[in-house]
1. Debye calculation, C-alpha points only, no solvent: report log10 I(q)/I(0) for the stretch 2-156 at q = 0.09, 0.14, 0.17 Å⁻¹, in the same order as the q values.
2. What list do you get for C29, C67 if you sort them by fewest beta carbons within 10 Å?
3. Any of K80/K106; K98/K153; K30/K98; K30/K118; K3/K128; K3/K77 with alpha carbons more than 28 Å apart? Name them for me.
4. Would you please give the residues with an amide H less than 5 Å from that of F70, counting only those at least 5 places away or on a separate chain, with H modeled from the backbone geometry?
5. Around G142, under 10 Å between beta carbons, what's the net of Lys plus Arg minus Asp minus Glu among the other residues?
Amino acid sequence: MKKVTLFLASSSELKDDREQFELFIYRKCKAWFDRGIFLHLDVWEDFLDAMSAGGLQSEYNKTLKACDIFVLLAFNKVGKYTAEEFSHAFGQFAATQKPFIFTYFKTPTTTQNRDDLKSLWAFEDTLKELHHYKTEYHTIEGLREHFGNQLDKLAAAHFLELQPEVMNQEGVPSASSANAATVSGQGSKVYQDIKDSTITDSSKTYNIDKIDQARFE
């Protein structure tokens, strides 16, 4: 089992999108768990509000430096802490080629606070200077679809090592690919996802209504 850590940075105004993104990662984790990948998502709400030597923000920065994937969500503004987290993530990437960095900008609404928009524009300028361009999204569904595709591409490029799915007799993935058995010894056999069948093995007959896995050695 390989643990892949994601860090999600965003301001408080995107609380609903953060929660929906967290739910999406949880579902993706369930889908990939049997293929040897455990997705772990860190969001700033998860951290203990306790005093630390360098301040609580230093704990966020320490965690994101060790993550595999950094995701930033922006909307009407980019707060100083979110910008700081991106700076640490990009510095870590420049030094080690990790984490992978994704920046998503939700279509901004009309705001009367020009200072908020200034922070958004300034951050966009920073991205352009770094040749790292934003991806826009309008709805949480669009964000989930795009990021899900990015995860699949990372897996296809072998940056995330997925184990092959185990197929049953009908050619569809088993309920639990990670439940594959290994046997040793000459003549050993494994049967998986068998139902309504009769197996004759070593002069013995087994009538099977349904089993997920059988091993005869």
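1. Taken in order of the listed q values, log10 I(q)/I(0) reads -0.28, -0.71, -1.06.
2. C29, C67
3. K30/K118; K3/K128; K3/K77
4. Under 5 Å from the amide H of F70 lie the amide H atoms of F7, F100, I101, F102, each far enough along the sequence or on another chain.
5. -1
Values in this text are rule-based calculations from the coordinates and carry no lab data. Because the structure is a prediction, the values reported are computed rather than measured. As a convention, Cβ positions derive from the backbone with ideal geometry for all residues, glycine included, and neighbour counts pool all protein chains shown.
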